[in-house]
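First comes the structure, then the notes that go with it.
The values are calculated or read from the model by the stated rules, or taken from the named source; none is laboratory data. All of these numbers come straight from a predicted model, not from anything done at the bench. Glycine gets a Cβ as well: all are built from the backbone with ideal geometry, and neighbour counts include every protein chain shown. What goes into the accessible areas is simple: the full protein's heavy atoms, side chains included, and nothing from ligands, DNA or RNA. Shrake-Rupley method; radii C 1.70, N 1.55, O 1.52, S 1.80 Å.
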Amino acid sequence: MVQSNQKPHLVLLSAPAHLQPVIELGKRLVTFQDVKVTIIVASFVQSAPAESRMVQAALATKLFDVIYLPPADISNLVEPGDKGITSLSAAMHVVKPDFQAAILGLETLPTALVVHVFAIECLGIADELNIPKYVFVSTNAWFLATIVYTPVLDKEVEGEYADKKEPFALLRCSSIRAEDLPDPMLLRTKANYSEYLKIGMEIPKANGILVNSWEELQPKTLASLRDGNLLGGVVKAPIFPVGPINSEGSSALKNELFDWLDKQTTDSVLYISFGSMGGLSLEQMLELAWGLELSQQRFIWVVRPPIEKSGSGSGPKFGNIGDDMSRYLPERFISRTRDRGVIVPQ
């Protein structure tokens, strides 16, 4: 039991390739809520080195403790080509016993458990330990609305969502066109859809949902998620906007980026980012770079080292974040596009 004179102790569980937002959430909770935080790190075998570097940088702040789980080898658990949510769910299934052992190894049980939405496989452990459980959605309220409403659409819609001509209405949220649906919803026969659907069914079981948004950014969606007659009747759990949560990054780079954006005309800049699980091969990066240069398009490109080949069903394996970008971009590309593009290393 936690004594009354002790700070509440929150355990945060990351999902593979989604550690950075959990670290930033941990910093915010410690700084503004006066709680003790322990972050438990789940990773793919391939992503473990990069995530270790993130943790080492975060530990310098001395704000929280970190526990590493053995990296998950899922090469024999998923079919070749099944990546994304399927890989994440398989990894969390592998590390689940180690995660439970890590919690039981703490001096006292935590006050509450907070799991990343893609680590929801481990949410039920809180019930076994009789502690409150929360889900952290590191994207935004719109993603939360879409994923919790998917089980409803699954019962109401026949055939593939992508074949529907009319937009889908999400209970007073903005309608969404079939072509704008999240990737896992595009093919209902694929494993990614099954796992996405499962997450949408598990989220309402939480005692609360932390979402990377804020009232002024998505007021309509947040209002629907809280209204019992609208999406609140589906999600059921209280909604806590905790955004914006993002990587601190370099202040100098941020200033350079915003100064450059202020000088551009409205709707003239193309933003290119493939997310925490997305990556390009060296050949694809070169093709994209040449396309940007020849198009004369103004751009912001979030660049990470090209992916390397990895085992079937495994997560992407990226190069080192400290690699010289000139090694995987066309010669003098950065200097030739300096006046109309900004490259943000990740």
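So here's what we get for this one:
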{"quantity": "Flag if Gly319 is in contact with a Ser or Thr (Cβ under 6 Å, 6 or more places away or on another chain), modelled with pLDDT under 55 and either of a type in the set (Ser, Thr, Tyr) or open to solvent by less than 40 Å² (accessible area, probe 1.4 Å) (or both)", "calculated": "no"}
{"quantity": "Count - residues of segment 274-307 that are in a loop (DSSP other than H, G, I, E, B), within 19 Å of Gln346 (Cβ to Cβ) and touching a residue at least 40 places away in the same chain (Cβ under 8 Å)", "calculated": "3"}
{"quantity": "Of all residues in segment 14-49 being over 19 Å from Phe136 (Cα atoms) and in a helix (DSSP H, G or I), the one that is modelled with the lowest pLDDT", "calculated": "Ala48"}
{"quantity": "Filter result for the condition that a residue is crowded, with 22+ Cβ neighbours inside 10 Å and either over 28 Å from Ser14 (Cβ atoms) or in contact with a helix residue (DSSP H, G or I) (Cβ under 6 Å, 6 or more places away or on another chain) (or both), over Val137, Val157, Val117, Val152", "calculated": "Val137"}
{"quantity": "Filter result (over 20 Å from Ala223 (Cβ atoms) and polar (S, T, N, Q)) within segment 118-149", "calculated": "Asn130, Ser138"}
{"quantity": "Qualifying residue in segment 69-87 (condition: farther than 17 Å from Lys198 by Cβ, surrounded by fewer than 19 Cβ atoms within 10 Å (Cβ to Cβ), touching a residue at least 24 places away in the same chain (Cβ under 8 Å) and touching a Leu at 6+ places or on another chain (Cβ under 7 Å))", "calculated": "no"}
{"quantity": "Residue count for segment 88-107, restricted to those that are in contact (Cβ under 8 Å) with a residue 40 or more places away in the chain and either open to solvent by 50 Å² or more (accessible area, probe 1.4 Å) or under 22 Å from the mean Cα position of the chain (by Cα) (or both)", "calculated": "7"}
